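Let me begin by presenting the structure, written as structure tokens, before commenting on it.
The values are calculated or read from the model by the stated rules, or taken from the named source; none is laboratory data. Owing to the predicted nature of the structure, the values given are computational and were not obtained by experimental measurement. Here the Cβ positions follow ideal geometry from the backbone for every residue, glycine too, while neighbour counts run over all protein chains shown.
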Amino acid sequence: MTEEQAHLFFPHEPHEDLEDLWEHRLFEQKQFFLTRPPLAKVWNAKIKKLDKQYEAYLVLTEQNRPLSKIDHSLEGVYNFSDQYIEAFHQFHKLRNDFKSELLQAQTFLDLSEVIEEWLKVENKFAQYWSLPSTAENDIEILQGKEPDPMEFLKALKEGHEIIQSPLTKDLKTNYNILPEIVQKEVKRLTLLSKI
């Protein structure tokens, strides 16, 4: 990237401290990731845009890309329990762990690596719930709108009372008699698993 291009990707006033400006922009992106539903398409576009800004910042400050400093203890294979309530708890614990790692990220590389792993977990969780037959029902959902986790957990517990089984395979078999919030979330996650 040339210096002229860098000024386009990292606009700033001549009097502004570039390091402070970069830290502010990195902080803003952290806030975005912490407050928005994890949609791979949206998040990957944000990371790509931030990468260009970071590259421009490095050109303008005549720096090289640093190496990652975070121990990515969350990297790996993510397997969820075959019991849906346990899987729900596993997922939300992982999500909270990723939020914690995101807050610790001090560089673009750290941030992008955390987001990459987080999105893998989100995709794995969506695949866990995937039930292709939900595409045929008339239930309307918004892919970018998650239910309140406590309301979803409450509905999962109601579903357990209805089907008298903790197993995900039984929950999927009895999809049509589950509480509406569970039906909507299974459909939403099914659609997300295809993206």
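Values computed for the structure shown
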item: Matching residues, the stretch 4-41, being within 30 Å of LEU191 (Cβ to Cβ) and not in a helix (DSSP H, G or I); result: ARG36, PRO37, PRO38, LEU39
item: The stretch 148-164, residues that are more than 11 Å from GLN183 (Cα to Cα) and either under 23 Å from the mean Cα position of the chain (by Cα) or not assigned by TED's automatic domain parsing to the domain that holds ARG188 (or both); result: ASP148, PRO149, MET150, GLU151, LEU153, LYS154
item: Qualifying residue in the stretch 97-111 (condition: farther than 30 Å from LEU26 by Cα and either in a helix (DSSP H, G or I) or charged (D, E, K, R) (or both)); result: no
item: Any hit, the stretch 118-132, residues being part of a helix (DSSP H, G or I) and loosely packed, with under 14 Cβ neighbours inside 10 Å; result: yes
item: The stretch 159-181, subset of a type in the set (Val, Ile, Thr) and in contact with an Asp or Glu (Cβ under 8 Å, 6 or more places away or on another chain), residue farthest from ASP82 (Cα to Cα); result: ILE181
